[in-house]
Structures are given as structure tokens and as C-alpha cells.
1. Between S119 and residues 5 or more places away or on another chain, which pairs have amide H atoms under 5 Å apart, with H built 1.01 Å from N, and which residues are they?
2. From the backbone phi of segment 107-123, what are the Karplus-calculated ³J(HN,Hα) couplings (6.51 cos²θ - 1.76 cosθ + 1.60, θ = phi - 60°) in whole Hz, Gly and Pro given as x?
3. Any idea which of N185, S363, P273 is furthest toward the positive side of the dipole for the chain, if Lys and Arg beta-carbons carry +1 and Asp and Glu beta-carbons -1?
4. For segment 287-330, what mean projected area does the convex hull of the alpha carbons give, in nm²?
5. Pick from N298, N376, N140 the residue whose mean-square fluctuation is largest in a GNM of the chain, springs joining Cα atoms under 10 Å.
6. Which value, in Å to one decimal place, does the Kirkwood hydrodynamic radius take for segment 262-397 when every pair of different Cα atoms is included?
7. Pick out which of E398, E51, E23 has the largest mean-square fluctuation in a Gaussian network model of the chain, springs linking Cα atoms closer than 10 Å.
8. Which of rounded, prolate, oblate describes segment 219-286, given a ≥ b ≥ c as roots of the alpha-carbon gyration tensor eigenvalues and a/c under 1.5 marking rounded, otherwise prolate only if a/b is larger than b/c?
Amino acid sequence: MEVDVDVDKESHHREQEMSNWQELEHQYFMKTVERTPITLVRGQGARVWDENGREYLDFVAGWAVNSLGHCHPVVAGAVTEQAKTLIQTSNQFYTIPQVRLAELLVQHSCLDKVFFCNSGAEACEGAVKLSRRYGHHYLNGAYEVITTTNSFHGRTLAMVAATGQAKFQQPYLPLPVGFVNVEYNNVEAIKTATTEKTCAVMLEPVQGEGGVRLPSDDYLMAVRTWCDEKGILLILDEIQTGLGRLGTLFAYQQYGVEPDIMTLAKGLASGVPIGAILAKDRASVFTPGEHGSTFGGNPLACAAGYATVKFVIDNNIAENARRVGQYFITGLEGLKQKFQFITDVRGRGLLLAMEFSSDIAGSLVTACLERGLLVNRLKPNALRFMPPLTIGNEEVDEALGILDKALSSIVG
Ligand SMILES: Cc1ncc(COP(=O)(O)O)c(C=O)c1O
């Protein structure tokens, strides 16, 4: 069937002008999130525009997803080209984009094998399944995974059990068994929780959703040593920290450890949904039929992933995140000197947080929004900044200027 694209576009624009999207959302959508009251229709680089044409500097970036910014030409180009070539087959067949992306990830990480899925939760859940298979093969059927309090590994039922935060767990009790949550940044707690049932420890190198919490420098090494001593696996969830966000391609590189299994998602395809489990050869114990996904590794997402990761590597985007992140945190510390109610500024690379002595984060999100800056309310008393990794000091200056005004407006 022939479709007149221009007529289609025109009626789409007309419809956009006529509809009250936010009211329609309230009518049709399950209420799982308190949205910021703007409707975004376009994005480019670190900027987005709402339906009224108003421009915003985007320091939320799809929750640390748009690593190259919105609609980066290499990603848009790869998606367009792949959409005209081959979008989805099934994993019954070989396809080229997924092999190219897997090769790139293996060549630039310490891992040997890849499995693609569609989201972070799915990647973490698959990693847990993989560690259980390992437990069945090599650890007398051990199946328990030790995770940490304040962690975040996704919203599936098993990942809610893995996620050490009561607010995500309480509404869904009883939870699947096989997870033990222990204190973060405390290797002794992991040692105490380890039993003959333990097959793995799963950690975020830096906790993202849990508050942008950095561990002490020797924590991951101590956990690695313990896992080696016990013969259990170390799974690093690099869904938020990976692909350059912390200033190196992967966060584990900053802590001198290598995981046995690593999960990726978020920034992997700069906005196109994709997730990945990577594993060392010895931990890659799935056999045909034991795990799978209809859409996982589809050519469209993998073409976007390949374009993103190749651009990140070729242009040393991780180093940009390190350098600009350093500039940004220095600016945030300057604001801390100025405003007594800022109690902490922390983070690494372009994953940063600012904490306050009272619950003003919601008001600050609004005050920033009114001035054209999008930021994330991490907690009632904390903001998180996770802009595209491609930003420069100029965008940081602009954000700091708005933040300064927003903070001033709060004190009145
Ligand atoms: C560290 C970490 N793991 C897992 C997830 C879950 O990812 P998704 O929302 O794509 O399922 C997130 C999402 O914020 C995350 O930050």
C-alpha cells in the first residue's frame, strides 16, 4: 500500500496541536510514575523541546540512556539504514549487526561472550540465571545470590528481590527466594552471608538509583578476592555506570577488578532499547534452549548499539565524561560553598548528585524546569545529574547558572 508521508506528517502535527496529551495520559495510562508536567516532542544533542516549542537543557538524558545525546547522527543514521534493511528476524538465524556489536564489546572489555536482551532488568535477571546454571554445574547446586542494600537491579519480580530497597519489595511480597541483601561497601557482610548455597555476588560498582554512592577504593577488590577464595562468581551491574559514564569505558577498570559476569543496558544504544549480559568463558555455561529472547539482539537495536559503542570508543567519549565531569563537580562544590543547605556533592564522571539538609529536591526540579533545565529528583533531599556524555563545559556552565538561580529562588 502506498502511503503519502507528507499528508501523514501534516495530520500528525495537526493532531499534536489539538490534543491535550497530559489529560489523555491520565485517562489511559497506569499511574506508575509522577511525571514532570511537560510533553517532549523533539530532541537534539543535549537539548529537548516540548510541544509548545520551549527548549530545555536535558541533564536527565533518558535516565542516563542518551549517552551521545538525543538523535545523534551516527545513531539516527544507523537506525534509518538498518530499518530499511532488516529490523527483526529471530535468534533462530544468524544476523550481522549482533555479531558486530558482540565482537566490539568483547574486544574492548575483559569478558568473552555476550547475550543480548532488551532492558536492564532482563540483563540482570539473565545474569542471575547464568550464575545459577554455574552453581548447578560447579557448586553442588548453589543458587543464592548476595546483593546489597540500596542497590537497584530492575523491576521484574526476581530483580525486585535482588534490589535491596524495601519500598520496591513491600508491594509485591512474597518475593522469589534465592537473594540475600547485605550492607553495601561492607565486605565482611558479604563474607558472613556466604554459605554453601551461594553462587554469586551481584553489585553495582557505584550505586546509581540508590543515591550515587561510591564505595571505598578497596571494596570491589576485597569482594573480588573473597569470590575467588570461595569459587563464586562476581556479577557487576554496569547498566548505569558502563559505556563511559564514570569516565572510563567500564567502571570496573577504575577499581582494578574484573567481573565474571557484567550487565549492560541504558547507554548501550544511546536510546534504543537493548540490554546485554557479558561473561568470561568459564562462566558462559548456558546451553541451547536454556535462555532466550524474541527481540533480544535484533538487528535494529544492535545496529544502534554498534554505532554508539564505536563512536564512544573512537572519540574517547569516556575521557570527555571524566574531564567534563571533573569541571561539573568543581562547579557543584562552588555552589555548596555558597548555599549552606547543600550538605553533599558526590559522584564520578557524569553521574553526579547533590544532597540537601531538607526535602527540597522536588521544588528544585520545578525551579530548574521553569528556567529551562531538566534534572532528576533522586530522593526527596537529593538531585542527580546524568547528562549526555558528549556535553562540553559550556553546557555545564549553563546548567550551573540555572541551578544557582533555582537554589537562590528556594531560599527566597
Ligand atoms: C544499575 C541498574 N541496574 C538495572 C536497572 C534496570 O534497568 P531497566 O530499567 O532498563 O530494566 C537500572 C535502571 O535504572 C539500573 O540503574
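1. G275
2. With coefficients 6.51, -1.76 and 1.60, one gets 4, 10, 9, 8, 9, 10, 9, 10, 10, 9, 9, 10, 7, x, 4, 5, 5 Hz.
3. It is N185.
4. Working: hull surface 20.9 nm².
For segment 287-330, averaging the hull's shadow over all directions gives 5.2 nm².
5. Residue with maximal mean-square fluctuation among N298, N376, N140: N140.
6. On the way: mean 1/r = 0.0570 Å⁻¹.
Evaluated over segment 262-397, this radius sits at 17.5 Å.
7. Between E398, E51, E23, it is E23 that shows the largest mean-square fluctuation.
8. Details: a/c = 3.08, a/b = 1.46, b/c = 2.11.
Because a/c hits 1.5 or more and a/b fails to exceed b/c, segment 219-286 counts as oblate.
The values are calculated or read from the model by the stated rules, or taken from the named source; none is laboratory data. Remember, it's a predicted structure, so these values are computed and weren't measured experimentally. When we count neighbours, we look across all protein chains shown, and the Cβ atoms used for this are built from the backbone with ideal geometry, even at glycine. When the accessible area is computed, the model is the full protein with side chains, heavy atoms only, and any ligands, DNA or RNA have been set aside. Shrake-Rupley method; radii C 1.70, N 1.55, O 1.52, S 1.80 Å.
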